[in-house]
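Written below as structure tokens is the structure these notes are about.
The values are calculated or read from the model by the stated rules, or taken from the named source; none is laboratory data. Keep in mind that what you see is a predicted model, and the values were worked out from it rather than measured. Cβ placement follows ideal geometry from the backbone for every residue including glycine, while neighbour counts extend to all protein chains displayed. Areas reflect the complete protein model, heavy atoms only, side chains present, ligands, DNA and RNA absent. Shrake-Rupley method; radii C 1.70, N 1.55, O 1.52, S 1.80 Å.
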Amino acid sequence: MTLYDLVAPAIEARSEPRYRIAGIRAADPLGADAILAAVPAMNRDADVPALTVALRTLVPDPDRAASLGVVDALAAVRDLGLLLGSLKRHGVEPLAAVPDALPVLRELGHRTDMVPRDTVHHYTTWNPLGDRQRMYTGDKMEGYLQNAVRMVFPALVAALDSCSEVAGLEPYDPCFAAALDRTAQHVQAMVDSIDFTVAQVTPDFFARGLRPYFEEVDVDGRDYLGPAAAQVPLWLVDLTLWQSDRSSPEYDVFLDESVRYSLPSWRAFHAAHRGSTSAVSKLSAAISWESTPRLPPGLASSAVSLARVLRILKTFRARHIGLARKAYSDDLRLYDEGSGGAPIALLRTVLDLTRDNETLVRQANVGPHAPMTTPKPKASVCGSASRSPSAPAPLREKRFTA
């Protein structure tokens, strides 16, 4: 059993329609299956007339778009989005070629409460599997990259829940460490995902074969980025752990831009925690008040757990920047910035910030307050959501096939 198997059914059961992954994947409100199956061949031949006809054919009547529920509207944006990105890749502004799509995208953005074009979630998590999978190129490496993002969505949803718990607790509370341990378990999926990407997707394929399909598209006079890994909101985990009050101006500007591509509940999460006191700051303040030679066991446990999750974040970012440097090297790159609009320099900044916070927390357990032992809280203290001390090591996501 994988982490995906444990977490995915739980989020499917929630009332949030954007978490109804199976339903969105199954939906085909525009009858697009046959047309979109031909898109890789159209792109291979740079057949702009065929792509234009395909988009014009799929665009529904505005009244029809206005009648769609959230699940069908998300699927409709997904399917129109594949053609938006394909046309832009071949140098055509899609809404200039098919103006009738503009009011429909406006309406679908309103229906879904998201930006009026496709995001990384449409392209990966909400994308059908198997023969119905929507792809730009049809290359197996494109499928691997989609799977790499799919595998982290349920884990990140669960991580935001545990981060909300952390935000409402103090480091002396044994539930603070327990919630951090659950966060670490979920964030580990990001490391597994990037390891899988490195093993299966070459920098050359991403840089030259796929990256051109993720260009921004003009919708109503405003540019909207295409599907981008930066829209997978690991930065929401940063927010409660350290970013809310220990960030940099460059990272703050980037997040202000990225948050609009999020799900509505994730935007609300960002608004609720932005500017709040981070877990690192709360722990640092608690330790500064201690006058005894050794940290109390509960506080020591919190320091160990926070250092652990920050170390996982640091590991992910170190591997991510290594991958990005290869894909955007001088001999491969076609663009100066990543698909999410961030230069490599910003990735370096975020890695440094993550490392600095991890070092600060880790040193709390090797400095003058270092504990003799660091016992973990009992499961009964924090309810059934906490793992007991004898529970197995966190499960890692290894479900890579479609």
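Across segment 251-274, what is the number of residues that are in a helix (DSSP H, G or I) and buried (at least 17 other Cβ atoms within 10 Å of the Cβ)?
Kept after step one, since they are in a helix (DSSP H, G or I), are these residues of segment 251-274: 251-261, 264-273.
Pick out the ones that are also buried (at least 17 other Cβ atoms within 10 Å of the Cβ) and you get 251, 254-255, 258-259, 261, 266-267, 269-270, 273.
Within segment 251-274, residues that are in a helix (DSSP H, G or I) and buried (at least 17 other Cβ atoms within 10 Å of the Cβ) number 11.
For residues that are among the acidic types (Asp, Glu) and more than 18 Å from Gly143 (Cα to Cα), scanning just segment 166-207, find the one that is least open to solvent (accessible area, probe 1.4 Å). Write out each step before concluding.
Narrowing segment 166-207 to residues among the acidic types (Asp, Glu): 170, 173, 181, 192, 195, 204.
Those still in the list that are more than 18 Å from Gly143 (Cα to Cα) too: 170, 173, 181.
On the way: Glu170: 106, Asp173: 52, Asp181: 25 Å².
So, considering only residues that are among the acidic types (Asp, Glu) and more than 18 Å from Gly143 (Cα to Cα), the one least open to solvent (accessible area, probe 1.4 Å) is Asp181.
Check whether at least one residue in segment 106-113 is open to solvent by 20 Å² or more (accessible area, probe 1.4 Å), at pLDDT 95 or above, charged (D, E, K, R) and under 20 Å from Pro212 (Cβ atoms), and report yes or no. Walk me through how you get there before you give the answer.
First, the residues of segment 106-113 that are open to solvent by 20 Å² or more (accessible area, probe 1.4 Å): 106-107, 110-111, 113.
In the following step, the residues that additionally are at pLDDT 95 or above were identified as 106-107, 110-111, 113.
Subsequent filtering for residues that are charged (D, E, K, R) retains 106-107, 111, 113.
Filter once more, keeping what is under 20 Å from Pro212 (Cβ atoms): none.
Within segment 106-113, not a single residue is open to solvent by 20 Å² or more (accessible area, probe 1.4 Å), at pLDDT 95 or above, charged (D, E, K, R) and under 20 Å from Pro212 (Cβ atoms).
Return the total of residues in segment 296-322 being open to solvent by 10 Å² or more (accessible area, probe 1.4 Å) and more than 21 Å from His186 (Cα to Cα).
Here the count works out to 4.
Among the small types (Gly, Ala, Ser) and closer than 16 Å to Pro264 by Cα: does that describe Gly81?
It is false that Gly81 is among the small types (Gly, Ala, Ser) and closer than 16 Å to Pro264 by Cα.
Can Thr240 be described as polar (S, T, N, Q) and open to solvent by 30 Å² or more (accessible area, probe 1.4 Å)?
On the way: polar (S, T, N, Q): yes; open to solvent by 30 Å² or more (accessible area, probe 1.4 Å): no.
Judged against the criteria, Thr240 is not a match.
For Asp118, indicate whether it is charged (D, E, K, R) and open to solvent by less than 20 Å² (accessible area, probe 1.4 Å). Outline the logic, then answer.
Details: charged (D, E, K, R): yes; open to solvent by less than 20 Å² (accessible area, probe 1.4 Å): yes.
Yes: the conditions hold for Asp118.
So which of Ala8, Ala75, Ala32 is closer than 17 Å to Pro128 by Cβ, of a type outside the set (S, T, N, Q) and at pLDDT below 95?
Details: Ala75 fails: at pLDDT below 95; Ala32 fails: at pLDDT below 95.
That would be Ala8, the only listed residue that is closer than 17 Å to Pro128 by Cβ, of a type outside the set (S, T, N, Q) and at pLDDT below 95.
Which residues, taken from segment 13-28, are among the basic types (Lys, Arg) and open to solvent by 30 Å² or more (accessible area, probe 1.4 Å)?
Within segment 13-28, the subset among the basic types (Lys, Arg) is 14, 18, 20, 25.
Listed by number, the residues that qualify are Arg14, Arg20, Arg25.
Of the residues that sit in segment 29-83 and are within 23 Å of Ala96 (Cβ to Cβ) and among the polar types (S, T, N, Q), which one is surrounded by the fewest Cβ atoms within 10 Å (Cβ to Cβ)?
Thr57
Does segment 152-165 hold any residues that are among the charged types (D, E, K, R) and open to solvent by less than 10 Å² (accessible area, probe 1.4 Å), and which are they?
Step one: of segment 152-165, the residues among the charged types (D, E, K, R) are 161, 165.
Residues satisfying the conditions do not exist here.
Determine the pairs where a residue that is more than 21 Å from Val304 (Cβ to Cβ), located within segment 149-173, has a partner that is part of a loop (DSSP other than H, G, I, E, B) and of a type in the set (Lys, Arg) with Cβ atoms under 9 Å apart, the partner being 6 or more residues away or on another chain.
Listed pairs, sorted by first residue: Arg150/Arg399; Met151/Lys398; Met151/Arg399; Val157/Arg14.
Within the set of pairs 6 or more residues apart or between chains, which connect a residue that is closer than 24 Å to Ala159 by Cβ and hydroxyl-bearing (Ser, Thr, Tyr) inside segment 179-207 to a residue that is open to solvent by 10 Å² or more (accessible area, probe 1.4 Å) and part of a helix (DSSP H, G or I) with Cβ atoms less than 8 Å apart?
Final answer for the pair search is Ser193/Val149; Thr197/Tyr144; Thr197/Leu145; Thr197/Leu323.
Restricting the search to segment 208-234, which residues are open to solvent by less than 10 Å² (accessible area, probe 1.4 Å) and either within 30 Å of Ser305 (Cβ to Cβ) or within 13 Å of the chain's Cα centre (by Cα) (or both)?
Pro227, Ala228, Gln231, Pro233, Leu234
Suppose the filter is part of a helix (DSSP H, G or I), surrounded by fewer than 17 Cβ atoms within 10 Å (Cβ to Cβ), at pLDDT 60 or above and out of contact with any strand residue (DSSP E or B) (no Cβ under 7 Å at 6 or more places or on another chain); does Arg355 pass it? Explain how you work it out, then say what you get.
Values: part of a helix (DSSP H, G or I): yes; surrounded by fewer than 17 Cβ atoms within 10 Å (Cβ to Cβ): yes; at pLDDT 60 or above: yes; out of contact with any strand residue (DSSP E or B) (no Cβ under 7 Å at 6 or more places or on another chain): yes.
Taking the combined requirement at face value, the residue satisfies it.
Which members of segment 225-259 meet the condition of being among the small types (Gly, Ala, Ser) and touching a residue at least 60 places away in the same chain (Cβ under 8 Å)? Quick ask: steps written out before the conclusion?
To start, the set of residues in segment 225-259 that are among the small types (Gly, Ala, Ser) comprises 226, 228-230, 244, 247-248, 258.
Scanning segment 225-259 gives Gly226, Ala228, Ala229, Ala230, Ser247, Ser248, Ser258.
Please tell me if Arg325 is in a helix (DSSP H, G or I) and crowded, with 16+ Cβ neighbours inside 10 Å. Outline the logic, then answer.
Numbers: in a helix (DSSP H, G or I): yes; crowded, with 16+ Cβ neighbours inside 10 Å: no.
Judged against the criteria, Arg325 is not a match.
Restricting to segment 93-146, and then to whatever is of a type in the set (Val, Ile, Thr) and in a helix (DSSP H, G or I), can you tell me which residue is nearest to Thr197 (Cα to Cα)? Lay out the reasoning, then the answer.
First, pick out the residues of segment 93-146 that are of a type in the set (Val, Ile, Thr): 98, 104, 112, 115, 119-120, 124-125, 137.
Next, only the ones that are in a helix (DSSP H, G or I) stay: 104, 112, 120.
Values: Val104: 35, Thr112: 30, Val120: 16 Å.
Checking each candidate, the answer is Val120.
What residue, of Arg333, Arg274, Arg325, Arg348, is among the basic types (Lys, Arg) and either modelled with pLDDT of 90 or more or over 27 Å from Tyr213 (Cα atoms) (or both)? Give the derivation first.
Working: Arg333 fails: either modelled with pLDDT of 90 or more or over 27 Å from Tyr213 (Cα atoms) (or both); Arg325 fails: either modelled with pLDDT of 90 or more or over 27 Å from Tyr213 (Cα atoms) (or both); Arg348 fails: either modelled with pLDDT of 90 or more or over 27 Å from Tyr213 (Cα atoms) (or both).
After applying the criteria, what remains is Arg274.
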